Amino acid sequence: QLQASGGGLVQAGGSLRLSCTASGRTFSNYAMGWFRQAPGKEREFVAAVSRSGTMTKYPDSVKGRFTVSRDNARNTLHLQMNSLKPEDTAVYYCVRYNAASMAYDYWGQGTLVTVSS
């Protein structure tokens, strides 16, 4: 089970840190990602991190502003979001990546981030 938290209302230029807690003992076996979905828009990839946390990936839209990290000892995934923009407003989801199927196969409950202008 994946449970995201840390969303809220923030002014443009501000920061938020999202967290995602995973239950079970297999968290470190999976690469993880963050996606977001704004109202009326398609789901968008935001960040990914390898199983060890040493490799990360971001789309251009958030590169340099967002940082993904993980703490395998605490089964926790984080997304540090800085210099937030109104267009970052969305529900953010943490997601498990299944290497065997090469797909994001398990989605947690999202957390809403609202950035005011």
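The values are calculated or read from the model by the stated rules, or taken from the named source; none is laboratory data. Keep in mind that what you see is a predicted model, and the values were worked out from it rather than measured. Reconstructed Cβ throughout: ideal geometry from the backbone, glycine too, with neighbour counts over all protein chains shown. Note: accessible area is taken over every heavy atom of the protein model, side chains too, but ligands, DNA and RNA are not part of it. Shrake-Rupley method; radii C 1.70, N 1.55, O 1.52, S 1.80 Å.
Things to note:
- Aspartates and glutamates whose Cα lies under 19 Å from that of K85, excluding same-chain neighbours fewer than 8 positions away: E42, E44, D60
- Accessible surface of the chain, 1.4 Å probe: 48 percent of it comes from carbon and sulfur atoms.
- DSSP-defined antiparallel bridges as percent of all bridges, segment 8-117, nearest 5: 90 percent
- Here each label is just a point 7 Å from Cα along the line to Cβ, and for W107 and N29 those points are 2.3 nm apart.
- Among F27, V10, V91 - extreme Cα towards positive end, dipole of the chain, charges at beta-carbon: F27
- Taking amide H positions as modeled 1.01 Å from N, with prolines and chain starts lacking one, the residues under 5 Å from F66 and 5 or more places away or on another chain are N82.
- Rg over Rh, two decimals, segment 14-57 (C-alpha only, Kirkwood Rh): 1.03
- Contour minus Cα-Cα distance for R51 and N98 (0.36 nm per residue): 15.8 nm
- Restricting the trypsin sites (Lys or Arg not before Pro) of segment 42-117 to loop positions (DSSP other than H, G, I, E, B) with no more than 12 neighbouring Cβ atoms within 10 Å leaves K63.
- Protein heavy-atom accessible surface, 1.4 Å probe, per residue over the chain: 55 Å².
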